[in-house]
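Worksheet: the structure to be examined is printed underneath.
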Amino acid sequence: MGTHPDPRQRGFSPHKIQDFVGAPNSPLWTPLFQHPAKFYLTKAPLCAIISKTIELEGNGAVKLSTRGRYATRAMLELALRYGSGPVLLRDIAKSQRISGKYLEQVVTPLKAAGLVNSVRGARGGFLLARPLSQIRLSQVIQVAEGSVAPVECVDDPGCCSLSPQCVAREVWVKLKESTDSVLESITLQDLVERQRQKAQPPDPMYYI
């Protein structure tokens with residue numbers, strides 16, 4: 001793993017950083033920026049761990065990969081065409097502006113999970129295996145991404161000896177629970193309704 005640049009070159013205030021990890025000659029300074037993963041193994045204050053995760057990484061604690069995003073868009077496309085028969089993969093790719101080859105990799109696990117069916121032949125293609133109201137976004141993301149836990153210790157407390165006393169882990173657990181709750185609350189039916197609302201022209205404005 002490459003080293004991280006001096007945080008002062010990334011726009012962070014030196015005194016703000018020192019509040020968390022001490023002065024640049026502090027024993028915490030080097031481990032934090034040269035190898036962030038090792039920082040979890042130090043006896044650093046929890047505030048420093050939180051600072052490292054949220055601020056210094058700079059790319060968010062929870063971030064879906066292209067696989068998760070494309071799986072969602074592919075399922076939405078099939079949902080929008082639900083009841084019209086099988087849809088060719090190339091049509092999904094064209095409509096959603098996704099690489100056809102990559103889309104094949106995305107659809108395969110969805111099919112294995114029983115969310116999508118495939119039909120062979122001249123009029124073949126893909127279609128949803130269940131009604132729109134019976135497929136939740138949480139199922140799609142679970143197949144495409146696996147757990148949405150922001151850090152490993154959420155699903156596997158045993159990976160870190162600090163887990164039982166770690167207040168930061170409690171934050172990450174809450175974050176995962178909130179994400180799971182949102183994904184579980186949304187079905188493909190909900191997405192279709194939202195998409196169709198966006199496609200409707202706005203109500204005309206009348207001026208007197």
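The values are calculated or read from the model by the stated rules, or taken from the named source; none is laboratory data. Quick caveat, the model's predicted, so the values are computed rather than measured. For neighbour counting, all protein chains shown are included, and Cβ atoms are generated from backbone atoms with ideal geometry for every residue, glycine included.
Data overview
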{"quantity": "Within the stretch 75-90, tally of residues that are more than 22 Å from the chain's Cα centre (by Cα), part of a helix (DSSP H, G or I) and either within 18 Å of Glu145 (Cα to Cα) or at pLDDT 95 or above (or both)", "calculated": "1"}
{"quantity": "Search result, residues across the stretch 107-141 that are touching a helix residue (DSSP H, G or I) at 6+ places or on another chain (Cβ under 7 Å) and charged (D, E, K, R)", "calculated": "Arg136"}
{"quantity": "Check on Gly121, touching a Lys or Arg at 6+ places or on another chain (Cβ under 6 Å), surrounded by fewer than 20 Cβ atoms within 10 Å (Cβ to Cβ) and modelled with pLDDT under 95", "calculated": "no"}
{"quantity": "Test result for Ala149, modelled with pLDDT under 95 and in the same structural domain as Leu88 (by TED's automatic domain parsing)", "calculated": "no"}
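Matching residues to (1) assigned to a helix (DSSP H, G or I); (2) surrounded by 14 or more Cβ atoms within 10 Å (Cβ to Cβ); (3) modelled with pLDDT of 95 or more; (4) over 20 Å from the mean Cα position of the chain (by Cα):
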residue: Tyr102; (1), (2), (3), (4): yes, no, no, no
residue: Leu110; (1), (2), (3), (4): yes, yes, yes, no
residue: Leu127; (1), (2), (3), (4): no, yes, yes, yes
residue: Ser138; (1), (2), (3), (4): yes, yes, yes, no
residue: Ile141; (1), (2), (3), (4): yes, yes, yes, no
residue: Cys153; (1), (2), (3), (4): yes, yes, no, no
residue: Arg169; (1), (2), (3), (4): yes, yes, no, no
